[in-house]
Amino acid sequence: MNAFQEKVKEHKIVVYPLLTLIQMVKEEQIKLRETSQKYVRNIRMYISDNIASQEIYLPPLVATTEPTEFTHYLPRKLVLIDGVHRLKAYCQLEGLVDKYINSDNKEEIKLGYDLQNMLKKTQIPIQLFNGLTSSEAWQLYIDMNTKGKQVALSKKIEYDSREGLNLLTNRVVHSVNGLQEAGIDKDKLMVVRPANEHFLSLTQLRKVVHIFITERIDIQNEQSIYLQLTQDQYVALIRLWFDYLFAMVPPHKIGNFHHSMLADFPLVLAVALYANKNCKNKDFSTRMKLMKKRMEALQGVDWSKGNPVWETFNGSVKGRKNMFFLNKDVASLRKIIHWLESQGGEA
């Protein structure tokens, strides 16, 4: 049970004029987390489509503030926990008022005045908590979004620090040199090639981290995962592994499917399984030595998309450009691992 659950934090409902909240966002008095422009656009369109009928139904926002601010009638500094997409949609609509009013299109002019009127009259309720820590705030966000509706797995990974696998995955994101340049897509379960050139999605990175702990691909019960090493030691192992990958294929190219076969996720899984084979119960020092030996044995591999060896493994040709993709079933991965071992890295 966490601190938030053990003691109910003081909270209250406050009501802000919408224009006040928009001004606070402009002045950076409201701390907002990252958002998906797709969701913001959908909310913005929902408001625009229903403004004439005034049938707009959006739930209250949820925020926290410092104890010194909480005593004020309307605190001037907030950290928004839930409702960021809604508030950003309102801000974007406010920015469109002048554009619509000055349009030559009569319907846009009417929409502009309707928006202007709505923004002036709208009051936004906020459930305001007193002095939540950053950890408590994100745990509240996760709890609110998993009871009654499904929260994206990527958001659980990014913000729910109660599960060790999620915490370790986030540490890897911020600790491994080159990952940010290679690209971690936090909005997708998987990256779709060849259009998406992010190296991995956050969910895919989590699978790689899971392999370092369990030597397994499938994640069944995160709460039952036992860490044989410390989190620092796992981060060091994973960092070393990525260092070798990025030495073989530069971060800015590794997610480019036209350039690198490591952009095909089954190959990443195979390399991770190969590097960690029969290692999960070994001590940290032994694992580091084995990691170096196995990854150094791969330095001469041609990882380019044009290497004909890839099409000797199980896979299929997809898309209009007839591009070859590796299969990710266990039997196919074993064949790739066996080939990787034949390069001289078998322990």
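The values are calculated or read from the model by the stated rules, or taken from the named source; none is laboratory data. Model, not experiment: these values are computed from the prediction. A quick note on method: Cβ atoms are made from the backbone with ideal geometry, for glycine too, and the neighbour counts reach across all protein chains shown. What goes into the accessible areas is simple: the full protein's heavy atoms, side chains included, and nothing from ligands, DNA or RNA. Shrake-Rupley method; radii C 1.70, N 1.55, O 1.52, S 1.80 Å.
Applied to the range 238-252, the Karplus parametrisation 6.51 cos²θ - 1.76 cosθ + 1.60 on θ = phi - 60° returns per-residue 3J(HN,Hα) values of 5, 4, 4, 4, 5, 4, 5, 4, 6, 6, 7, 9, x, x, 6 Hz, with x for Gly and Pro. Over 24 Å apart at the Cα level, from the set LYS207/LYS282; LYS88/LYS120; LYS26/LYS99; LYS12/LYS186; LYS280/LYS305; LYS12/LYS77, are LYS12/LYS186; LYS280/LYS305.
In order along the range 270-283, phi translates into HN-Hα couplings of 4, 5, 5, 5, 4, 5, 10, 4, 6, 10, 4, 9, 7, 6 Hz, rounded to whole numbers, per the Karplus curve 6.51 cos²θ - 1.76 cosθ + 1.60 with θ = phi - 60° and x for Gly and Pro.
Give me the percent of the accessible area of the chain that comes from carbon and sulfur atoms, probe 1.4 Å, all protein chains in place.
That share works out to 50 percent.
Mean sequence separation of contacting Cα pairs (under 8 Å, at least six apart), scaled by the length of the chain, corresponds to a relative contact order of 13 percent. Considering only TYR244, PHE199, ALA270, and ranking their Cα positions along the charge dipole of the chain that arises from unit charges at the beta-carbon of Lys, Arg, Asp and Glu, the one farthest toward the positive end is ALA270. Per residue, the chain exposes 52 Å² of solvent-accessible protein surface, assessed with a 1.4 angstrom probe and all protein chains in place.
For the chain, build the convex hull from the C-alpha positions and give me its volume per residue in Å³.
176 Å³
Of the residues SER304, ILE336, ASN322, the one whose Cα sits farthest toward the positive end of the charge dipole of the range 301-347, with +1 on the Cβ of Lys and Arg and -1 on the Cβ of Asp and Glu, is ASN322.
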